[in-house]
Amino acid sequence: MAVKEFEKPILKEYSPIPKLVEQATSHLAPFKSKEDFQKSLGYPGELVDNWQEVALGKMGDLLKKYRSLRVYMDSCIQCGACTDKCHYYLGTKDPNNMPVGRQNLMRGVYRKHFTLPGKFFPKLVGAVDLTKEVLDDWYSYYHQCSQCRRCAVFCPIGIDTAEISMAAREIMDSVGVGQKYCNEIIGKVHKIGNNLGLPKPALADTLEGLEEDVEEDIGVDVKFPLDVKGADVLLITPSADFFAEPHVDGLIGYAKVFHQAGISWTLSSHASEAANFGMFIGSYDNMRKLALRIREAALDLGVKRIVFGECGHAWRVAYSFLNTLAGPFDFLDPRYPVPQHICEVTHDLINKNVLQFDKSANDGKIITFHDSCNVARASNMGDIIGGQFSLPRDIIKATTNNFYDMDDETIMEKTFCCGGGGGLLTDDLIELRMKGAQPRMEALKRVVEDHGVTHMAAICAICKSQFSKAFQYYGFELDQIISLHQLVGDALIMNKKEL
Amino acid sequence: MSFVTIFYGISFYVATLILFIGLAYRIYEYSIIPAPLKIPTPPAPKTKKGVAVRLFREVVFFESLFSATKWTWLFGWLFHFALLLAALRHLRYFTDPVWFWVSWEIVQAAGHYAGYMMVFGLIGLLGRRIFVDRVRYISNPSDYLMLILIISIALTGLLMKWFHTDIYAVKMFFVGLMYFQWSELPSDFILLLHLSLVLLLMIIFPYSKLLHAPGLFFSPTRNQPDNARDQRHISDWAKKLESKK
Ligand code: SF4
Ligand code: SF4
């Protein structure tokens with residue numbers, strides 16, 4: 001199925017808040033999941049006959065299981081403070097992409113079926129029945145939310161639209177309307193262990209190839225170990241790191257850090273994926289099952305620490321949820337937090353002077369840094385408030401000479417999503433992805449023009465893939481997006497004694 | 001005892017019950033629903049004390065709203081602050097003898113001028129609803145009516161400066177209600193209108209978006225300390241999943 005042509009947004013110096021255009025992206029919706037993908041996750045294969053009843057039942061259930069959902073359904077003042085905070089609204093102008101507009105798609109149904117005023121005075125409070133049209137709107141617009149939580153930072157009540165999108169997706173899955181991209185991928189991890197469906201022999205092959213490449217490149221025998229029992233560190237990294245550009249340069253960077261610091265480490269073929277798309281579909285169950293693979297791998301390999309590679313939502317699940325989902329991790333070395341981010345490891349080694357850098361190796365580059373939403377707004381690093389912002393920047397400054405931040409309104413906790421997060425990194429949503437990238441691209445364009453920035457570093461697999469597309473689309477170069485640990489790897493002074 | 005007194009007396013009992021039982025029930029509901037995952041937004045405090053400071057700043061200064069939009073913050077904050085001042089002034093109707101600081105000139109005067117501030121803030125908020133296309137799009141009839149209701153309460157209150165009423169009798173009416181020794185309520189039109197609107201507000205409070213008041217304290221993005229790695233956070237229903245296997 002071909003994706004329709006759409007008008008290309010023009011990057012402006014400072015875009016004013018756009019006037020809304022109703023139904024501007026009501027035609028956008030990702031492909032629906034096929035029957036077997038649905039069933040393998042424990043959902044009905046297609047829309048069930050009594051879907052309204054089932055959906056409302058599920059909604060009632062979630063309202064009792066998630067305080068966030070219940071409180072957020074009740075507490076919105078409809079004040080409008082969030083209306084211009086979503087990159088998808090800014091890029092598409094569709095009012096249902098205003099965070100509160102998106103929430104109201106569910107809030108209308110909530111009011112009708114779960115509150116007295118909605119039952120008695122539906123018109124007055126905007127209460128609606130859950131009709132097929134409403135379900136279609138849900139499918140469309142709850143898949144136009146990257147669950148980036150930018151809205152939640154600005155809302156006076158802290159209403160987090162991501163919580164509502166996740167609940168909506170779970171309700172839709174429970175009646176048999178799932179999204180192909182996410183559900184197919186989750187199925188692969190359940191079966192094989194990673195998003196790509198890459199089996200152990202292929203993974204081993206890839207890693208061997210990487211060892212050869214690095215050896216050829218720098219003359220140091222940097223290892224990429226797989227399933228090594230008794231290693232100190234289990235590295236969990238997004239499977240894109242094994243293949244995709246620029247991700248793989250990040251993986252090489254981590255390997256060099258471990259090598260140089262003399263830390264024994266291993267990847268696992270059982271848990272060869274950091275990503276956890278269970279979060280995107282709001283399914284605690286699926287998220288937990290995926291997370292348990294990591295626990296199993298850690299136990300099986302007898303490691304002492306778990307370290308995560310560069311991946312945004314994976315770090316959210318790791319930092320904020322892993323202890324909940326798959327803990328307690330009392331069998332690991334108590335001197336280290338569980339889990340750790342690779343940036344925490346590198347940062348710590350830099351502070352201890354274990355790593356030395358030749359910054360001039362990166363002199364060809366002028367760097368800016370993209371805070372990935374799930375790292376910026378849903379996790380932390382280094383156990384200091386704001387560590388998720390300062391640690392990556394410290395590392396960049398330790399490894400390069402030229403660093404410029406983008407505008408304050410577009411970084412740190414106010415960072416703009418890349419446009420492809422939340423399970424939307426699929427070609428059937430390319431229009432949404434490119435339009436949603438617009439605010440970030442505008443901020444980038446400004447530092448390119450003002451400071452001659454040549455590269456943007458990121459610490460998220462989804463961001464990197466999305467930017468590879470968006471950069472070309474908006475007239476930058478594909479290779480201007482890089483992994484943060486590529487900078488580390490390139491500048492790291494390696495000990496060649498082994499040769 | 002006049003019909004007016006009996007009618008308003010009973011109405012205030014009923015409305016008070018709805019308000020307090022309704023709110024208490026909502027708070028009870030919110031408190032028993034678990035928050036199964038840690039979802040605080042940055043800058044997230046690490047400790048409970050930090051959370052208390054954060055909530056204090058949100059409640060007193062509307063910090064997040066300030067970073068989002070200055071106009072809504074200005075109007076919203078003025079309105080809420082004025083509401084507080086007006087409420088303090090009104091304490092003289094419910095305390096007997098009047099608490100000493102309530103009768104201070106400054107508390108009484110501030111409460112009076114707050115009435116104007118309140119109307120100003122509310123009209124600003126109404127203006128945003130009408131003139132900003134994004135806010136207009138999300139506004140339901142109830143959102144306009146709520147503003148109009150509170151504006152009317154403030155205006156009828158202010159009007160009593162010109163349409164005098166026997167405020168001592170009003171006070172005795174309320175104190176009488178509180179101690180179950182009823183006394184007559186003056187039946188001046190503006191006063192009765194003011195009281196009727198207040199009754200309406202009390203009744204709809206637990207069923208409306210006014211629940212944002214308790215809601216803020218139960219909002220997991222704001223009330224959770226960021227300590228997921230140090231302390232295992234697990235809800236009862238999630239625990240059951242673990243024992244299944
Ligand atoms: S900022 Fe919060 S309270 Fe205001 S409209 Fe948006 S979600 Fe509702
Ligand atoms: S979570 Fe992000 S994508 Fe979703 S509504 Fe909020 S700002 Fe938009």
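Sequence-ordered 3J(HN,Hα) estimates for region B:211-227 from the Karplus curve with 6.51, -1.76 and 1.60 and θ = phi - 60° stand at 4, 4, 5, x, x, 4, 6, 9, 6, x, 5, 10, 9, 9, x, 8, 9 Hz, glycine and proline given as x.
The slack between A:Ser360 and A:Asp427, meaning 0.36 nm per residue of separation minus the straight C-alpha distance, is 20.3 nm. Within chain B, the selection of entire DSSP H helices by a Cα span of 20 Å or greater along the long axis and an average Kyte-Doolittle value of at least 1.0 returns B:3-32, B:141-159, B:189-204.
Counting only Cβ charges, +1 for Lys and Arg and -1 for Asp and Glu, the dipole size of region B:69-159 around its Cα centre is about 300 debye.
What are the chymotrypsin sites (Phe, Trp or Tyr not before Pro) within region A:323-429 that DSSP puts in a loop, where the Cβ has at most 13 other Cβ atoms within 10 Å? Those satisfying the criteria are A:Phe331. The trypsin sites (Lys or Arg not before Pro) found in region B:122-179 that occupy coil by DSSP, while having at most 12 further C-beta atoms within 10 Å, are B:Lys161. Close amide H partners of A:Leu226, meaning residues 5 or more places away or on another chain with modelled amide H under 5 Å apart, are A:Leu267. Taking 7 Å steps out from each Cα toward its Cβ at B:Gln181 and A:Lys34 produces label points 8.3 nm apart. Per residue of A:55-68, other chain Cβ atoms within 10 Å of the residue Cβ number 3 on average.
Inter-label distance, A:Lys180 to B:Trp104: 6.9 nm, where each label sits 7 Å from its Cα along the C-beta direction.
A DSSP coil position with no more than 16 other Cβ atoms inside 10 Å describes the following GluC sites (Glu not before Pro) in region A:390-499: A:Glu477, A:Glu498. At a Förster distance of 30 Å, what's the computed FRET efficiency of A:Lys397 paired with A:Asp300, Cβ-Cβ distance as r, to 0.05? So the FRET efficiency works out to roughly 0.20. Given +1 at the Cβ of Lys and Arg, -1 at the Cβ of Asp and Glu and no other charges, the dipole of region A:187-498 around its Cα centre is 900 debye to the nearest 20. Mean separation of Cα pairs under 8 Å and 6 or more residues apart, divided by the residue count, gives region A:100-236 a relative contact order of 13 percent. Within chain A, the selection of entire DSSP H helices by a Cα span of 15 Å or greater along the long axis and an average Kyte-Doolittle value of at least -0.5 returns A:51-65, A:161-174, A:247-261, A:284-301, A:387-399, A:461-473. Using only Cα atoms, locate the centre of region B:1-53 and the centre of region A:378-413, then give the distance between them in Å, rounded to an integer. One Cα centre to the other: 39 Å. The Cα trace of region B:69-159 gives Rg and Dmax of 15.1, 50 Å, the first to one decimal, the second as a whole number.
Mean per-residue shielding of peptide A:82-88 is 3, counting Cβ atoms of other chains within 10 Å of each Cβ. In straight Cα distance, which lysines are under 16 Å from A:Lys123, not counting same-chain residues fewer than 8 positions off? Cα-Cα hits under 16 Å: A:Lys112, B:Lys209. Out of every Cα-Cα pair that region A:104-261 contains, those further apart than 22 angstrom amount to 62 percent.
Where a ≥ b ≥ c are the square roots of the eigenvalues of the C-alpha gyration tensor, would you call region B:193-245 rounded, which needs a/c under 1.5, or, failing that, prolate if a/b is larger than b/c, or oblate?
In terms of gyration-tensor shape, oblate.
FRET efficiency for the pair A:Asp221 and A:Phe331, taken as 1/(1 + (r/R0)^6) with r the Cβ-Cβ distance and R0 = 25 Å, rounds to 0.20. Applying a 4.7 Å cutoff between beta carbons, the unpaired cysteines of the protein assembly as shown are A:Cys76, A:Cys79, A:Cys86, A:Cys145, A:Cys155, A:Cys182, A:Cys311, A:Cys343. Each of A:Phe120 and B:Leu200 was given a label point 7 Å from its Cα along the Cα-to-Cβ line. The distance between the two points is 1.4 nm. Counting Cβ atoms of other protein chains within 10 Å of each residue's Cβ and taking the mean over peptide A:377-384 gives 5. Taking the helices alone, the protein assembly as shown has a mean residue ellipticity at 222 nm of -17000 deg cm²/dmol, built from -39,500 (n - 2.57) per DSSP H run of at least 4 residues and averaged over all its residues.
From the P(r) of the protein assembly as shown, can you give the percent of Cα pairs sitting at distances over 49 Å? In whole percent, the long-distance tail amounts to 22.
Read-outs throughout are calculated quantities, based only on the coordinates presented, and are distinct from any laboratory measurement. Just so it is clear, the structure is predicted and the values come from calculations on it, not from any experiment. Positions of Cβ are backbone-derived with ideal geometry, glycine not excepted, and every protein chain shown enters the neighbour counts.
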